[in-house]
Amino acid sequence: MVAFNKAKGADATGATGVSGSVNNHWTQVGIGAVLTAALSVGSRAAAGNPTGFQPNLAQDFARDVSQSINTTGQQIVRRSLEVAPTITIPHGTPVTIQLAENVSFQTPAARVRK
């Protein structure tokens, strides 16, 4: 498999774009939404309700730790949701690729230690 990151694809006639089945990864997006909600609710539940006007030290600590876990979890979920849609075309479909940079398929020479 070869990845052409900056290449533009076209069909066999040269028209921009390639038609095929598109996978928008909706299952992954749905799971991410559920995880986001669970992290948000779970982080608030750990701190509990303050007794009186001010929360005690244990409640402050629980709130800060749960907010940190929530923020980290949200970043991980957000990163996993940044997946671009995937277009799948049938094997053997002719396509044209316009490269934006030079590509070399030569294997690098083995480095010799002295």
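Residues that are modelled with pLDDT of 75 or more and among the basic types (Lys, Arg): does region 35-50 have at least one?
no
Name the single residue, out of those in region 5-27 being among the polar types (S, T, N, Q) and at pLDDT 80 or above, that is farthest from residue 99 (Cα to Cα).
That would be 27.
Kindly indicate which of 97, 76, 89 is more than 30 Å from residue 20 (Cβ to Cβ) and β-branched (Val, Ile, Thr).
76
Looking at region 1-24 only, could you name the residues that are assigned to a loop (DSSP other than H, G, I, E, B) and charged (D, E, K, R)? Don't jump to the end; show me each part of the working.
In the first step, residues of region 1-24 are kept if they are assigned to a loop (DSSP other than H, G, I, E, B); the result is 1-7, 12-15, 18-20, 24.
Correct list: 6 only.
Please name all residue pairs, on different chains or six or more residues apart, with Cβ atoms under 8 Å, provided the first residue is in region 1-29 and is farther than 16 Å from residue 89 by Cα and the second residue is in a loop (DSSP other than H, G, I, E, B) and not hydrophobic (A, V, I, L, M, F, W, C).
Final answer for the pair search is 6/101; 25/85.
If you take the residues of region 1-25 that are under 21 Å from the mean Cα position of the chain (by Cα) and polar (S, T, N, Q), which of them is surrounded by the fewest Cβ atoms within 10 Å (Cβ to Cβ)?
Going through the qualifying residues, I end up with 5.
The values are calculated or read from the model by the stated rules, or taken from the named source; none is laboratory data. This is a predicted model, so every value here is computed, not measured. For neighbour counting, all protein chains shown are included, and Cβ atoms are generated from backbone atoms with ideal geometry for every residue, glycine included.
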